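Quick notes on the structure that follows.
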Amino acid sequence: MLTLVQAAVLGIVQGITEFLPISSTAHLYLVPWLLGWPEHSLAFDVGLHMGTLVAVTAVFWRDLLDLALAAVREGMRTSRGRLAWGIAAGTVPAALAGLILEDVVEEVLRSPLVMAASLAVLGVVLWQVDRRAARGRRLDQVGFADVVYVGFAQMLALVPGVSRSGITMTAGLLEGLEREAAARISFLLSFPVILGAGVLKLPDIGGGAGDPAFWTGVLTSSVTGFLAIRYLLAYLRRGSYSVFAAYRVGLAVLVVLSYALGYRGS
């Protein structure tokens, strides 16, 4: 059982790492592993994702509503309509991959060393792409195929440590998007993915919703997720992704050193 302090810390970790390109899956595994905390329940995990769904909805509710209306009223005739249908189509590959491969990934790839490798590799890739890719395309210049391409990249996020936001932002940069536009596409694509995963896992909540730790996780992940989105969008108007790439590599080194020194958690 998690204490309220542990639940709050994990909620903060989830809220920050779900939207920054540093992998929430890796952090939710590695933080308890490094601190010797007990493994959290499936019900608590659902609660954390409920919190991040609240966060992305709170920031983008107007955009999401406009896109839904554009999809119905405008179809593929306008940039907003193409963006809306691109998000819908781009969600399908990740959803199918998750349904088919989630159990295999959980059994085979969920280990500190795999996560460390994924953190480091995508960190280097993100750094190089951010430095070298041509940029300048705004959100209103994004086409249907661009969004679908970014959506396909989400499938790689099944590998723990890759990061859904990290791989989609990297794909967006490769498409020539401005840094902020790449982040916005990533966030908009996150809504149907988080919503769908949450709906599928609702039966896992069971009696967990009666645990104060559950609602502590929901609250802290929603608040910090909201702040993380706001922060990243403001930061990327002038800053680069290099700081997140460096953090990923640094965390990977910490994990490998801990493992090499014989640390295996509690």
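Annotation note: of V150, V121, V105, the sole residue that is part of a helix (DSSP H, G or I), among the aliphatic types (A, V, I, L, M) and open to solvent by 50 Å² or more (accessible area, probe 1.4 Å) is V121.
Of note, R82 does not satisfy the criterion of being modelled with pLDDT of 90 or more, basic (K, R) and surrounded by fewer than 14 Cβ atoms within 10 Å (Cβ to Cβ). In the stretch 219-266, the qualifying residues are those that are part of a loop (DSSP other than H, G, I, E, B) and of a type in the set (K, R), and the one that is most open to solvent (accessible area, probe 1.4 Å) is R238.
The test for being at negative phi, in contact (Cβ under 8 Å) with a residue 60 or more places away in the chain and not β-branched (V, I, T) does not hold for L233. Pairing residues of the stretch 33-61 that are free of Cβ contacts under 8 Å to residues at least 12 places away in the same chain with residues that are of a type outside the set (D, E, K, R) and surrounded by fewer than 22 Cβ atoms within 10 Å (Cβ to Cβ), at Cβ distances under 8 Å and at least 6 apart in sequence or on separate chains, gives E39/P32. Of the numbered criteria (1) surrounded by 15 or more Cβ atoms within 10 Å (Cβ to Cβ); (2) not in a helix (DSSP H, G or I), the one L28 fails is (2).
Only a single item in (1) open to solvent by 20 Å² or more (accessible area, probe 1.4 Å); (2) touching a residue at least 24 places away in the same chain (Cβ under 8 Å); (3) within 17 Å of the chain's Cα centre (by Cα) is not met by T216, and it is number (3).
The values are calculated or read from the model by the stated rules, or taken from the named source; none is laboratory data. No experiment lies behind these values; they were computed from the predicted model shown. Glycine also receives a Cβ, built like all others from the backbone with ideal geometry; neighbour counts cover every protein chain displayed. Accessible surface areas use protein heavy atoms only, side chains included; no ligands, DNA or RNA. Shrake-Rupley method; radii C 1.70, N 1.55, O 1.52, S 1.80 Å.
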